[in-house]
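To keep things clear, I will list the structure first and then write my remarks on it.
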């Protein structure tokens, strides 16, 4: 299948959305699908106000149209509600091309938290963007229900996975973090106001607190919490070692739609503590025993008092945490993605005879299909 994937979130950004999209593209290509990514790295761009890691592409509608038309896709998926997403959406509507979208981020709530704007007005924009899509892909049933209440009822599941070759109980603990006073409480993610990190850092649980990540609030939090270890961004094996060195993973966000870092932590045997909101509830469950029917041992805890959740999660079974993470398979997620795609048949190739396929269109990958976890 020839698939166009459009996203305003892309490397070198470091977040769960980008990891989900880049992993999906890699597996699609490994399976023999041809994927054209229309992403900010193709164009001149400017930093997004208050979120400079996000680059806003500067391009024209005809440029995006030419990329899509030359590629002649069987399906178009639009992942984000940014400039590229709107240009691709408008092209699809003009050419009667069915398309799917995905809802990754509560953008209206983030903007409201940062700038004080009314979130409801921005939700109207979100409804307009996703309304014409054949399906809106969501990570959890809880998020699908929330979008349904906001007028977007045409959702399908697109869950998340974890790379168990990288995140596992076999990883050696990060030596600098393992030497900290116990219990070591770890949070990983963007250091910004919408992540609610102050709730974690003010939780009152003894031991050591560690924050992995970067963002606009980093320097202010370093000054306010001098006793907290702020590592900056960690990646790959170093990030896995940070999970392995900790005693509990704390996810204080109230607005995330999923929280990929939670299942990475679980894969390393690290129990999760959070508030009883979407994200933690969809992974850890209300009783701390997960959301799958065959999981009986505690893997973490949620509580309106984050300190209570942390103390309870510290008693969880680390082997059970790692076993639970095996249910999150990237291959299964890609199967869901392919099933959800809307196809009309190939678009007429208007320039294929004289123009080469654009760079990055994605010839089949040189490696064979591989598993990214167990069946979910």
Study note, to complete from the structure: residue 149 vs (1) closer than 23 Å to residue 20 by Cβ; (2) exposed (fewer than 14 other Cβ atoms within 10 Å of the Cβ): all pass except (1)
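In contact with a helix residue (DSSP H, G or I) (Cβ under 7 Å, 6 or more places away or on another chain) and either crowded, with 22+ Cβ neighbours inside 10 Å or modelled with pLDDT under 95 (or both), is that true of residue 193?
The answer is yes for residue 193.
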Review point. Hey, among 64, 46, 35, which residue is over 25 Å from residue 264 (Cβ atoms) and either outside the structural domain of residue 156 (by TED's automatic domain parsing) or part of a strand (DSSP E or B) (or both)?
Key: 46
Point to revise | Subset tally (residues that are under 19 Å from the mean Cα position of the chain (by Cα) and assigned to a loop (DSSP other than H, G, I, E, B)) for segment 70-84 | key: 4
Exercise for review: Return a yes/no flag: does segment 9-22 have any residue that is under 25 Å from residue 257 (Cβ atoms) and in a strand (DSSP E or B).
Suggested key: no
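Residue-by-condition table, conditions (1) surrounded by fewer than 23 Cβ atoms within 10 Å (Cβ to Cβ); (2) assigned to a helix (DSSP H, G or I); (3) at pLDDT below 95:
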residue	(1), (2), (3)
86	yes, yes, no
90	yes, yes, no
93	yes, yes, no
96	yes, no, no
105	yes, no, yes
109	yes, yes, yes
117	yes, no, yes
127	yes, yes, yes
Point to revise | residue 164 in contact with a helix residue (DSSP H, G or I) (Cβ under 9 Å, 6 or more places away or on another chain), part of a loop (DSSP other than H, G, I, E, B) and touching a residue at least 40 places away in the same chain (Cβ under 8 Å) | key: yes
Review point. How many residues are buried (at least 19 other Cβ atoms within 10 Å of the Cβ) and modelled with pLDDT under 95 if we restrict to segment 165-190?
Key: 2
Check your understanding: Which one is nearest to residue 206 (Cα to Cα) among residues in segment 299-341 that are in a loop (DSSP other than H, G, I, E, B) and touching a helix residue (DSSP H, G or I) at 6+ places or on another chain (Cβ under 7 Å)?
Key -> 303
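The values are calculated or read from the model by the stated rules, or taken from the named source; none is laboratory data. Predicted, not measured: the structure shown is a model, and the values here were computed from it. Reconstructed Cβ throughout: ideal geometry from the backbone, glycine too, with neighbour counts over all protein chains shown.
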